[in-house]
Ligand code: SF4
């Protein structure tokens, strides 16, 4: 039964050192801002630091993010898992989650994870199109994505599949197909990352040579809004959209180009409401006033990032008011024109 307690992830970044690949878009050291794989002692320090600031009664999960957890030597994995396990035994965390590559999954590796309270495994599948995976230097195939996802499910873990948009060679069709594959493989959650050009990556070289064109910010947000809708309809939770500002890009020092925005999800949510508001018959009569009611938690998205939706509607009405209504949920809305 799902718990009503607030949930906190305690992120522990595992940088590229555990990974023998060089995906064209990745410079994990710059994104995570860390140079080396944390030791067991580091894990304890990171977790204790987070526990000190999080509400005691909240549900907490240690999340080994970044890189390729199951690609680490077994002894290293055990050390990190043992450090996390101590917090579990003391009742201070509820579970562990980790992210890894699809080609670093096999039954033996999953059996090790089963010995610990690992609940969720996130696979960075990125795309289900082989030509995109190949151009992106991923070093695995769409078939490997499928096999790994099935193994994770069979072993009884919760499955989260991470995808990227705007990868070299990728089209909207490829990205919609990837979303459909994620849904059909039974993922309970997803993360969607628009591809960014980061300093020091192979993609930066391609970009500077004019061989790679990143997505425009609003195009990427429009596409991701469509993906969010698709995932929500299939009850796949969209856990994250875009790179988090704390992940080393907020000052733009590592960012060369691409659709990065600290409020990326807000822009996508704005566009989801923008689509819904197409049901409103436009008046082109400045004497008519529009009132829109939405769930209180959706008010900002309905008005829109930088009032995008409100300003568009103001081209057609004398005034536009947004009112919170506790009877409405998510993106439900009602409207009246007087
Ligand atoms: S597998 Fe992950 S860590 Fe390794 S290069 Fe690719 S994106 Fe970076």
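Given R0 = 35 Å, the distance between the Cβ atoms of residue 338 and residue 239 translates into a calculated FRET efficiency of 0.30. Seen against the Cα atoms of the chain and their longest principal axis, helix 264-276 is set at about 40 degrees. For an R0 of 45 angstrom, estimate the FRET efficiency from the Cβ-Cβ distance between residue 330 and residue 209 and round to the nearest 0.05. The pair residue 330/residue 209 has a calculated efficiency of 0.55. Once the Cα atoms are used to define both axes, helix 74-89 deviates from the longest principal axis of the chain by about 60 degrees. Under a Gaussian network description of the chain, with springs only between Cα atoms under 10 Å, the residue in 286, 79, 126 that fluctuates furthest is 286. Relative to the longest principal axis of the Cα atoms of the chain, the long axis of helix 172-184 lies at roughly 60 degrees. Here the contact order of the stretch 254-320, divided by its residue count and restricted to Cα pairs under 8 Å and six or more residues apart, works out to 42 percent. Applying 1/(1 + (r/R0)^6) with R0 = 22 Å to the Cβ-Cβ distance of residue 283 and residue 323 gives a FRET efficiency near 0.75. The label-point distance for residue 86 and residue 131, in a model that sets each label 7 Å from Cα toward Cβ, rounds to 5.2 nm. Per-peptide packing, taken as the mean over residues of other Cβ atoms within 10 Å, places 276-284, 115-123 in the sequence 115-123, 276-284 from highest down.
Spin-label model, residue 51/residue 257: points 7 Å from Cα along the beta carbon direction are separated by 4.7 nm.
No lab work stands behind these numbers, since they all come straight from the coordinates. All values reported here derive from a predicted model rather than from experimental measurement. Cβ sites come from the backbone with ideal geometry, for glycine too, and all protein chains shown count toward neighbours.
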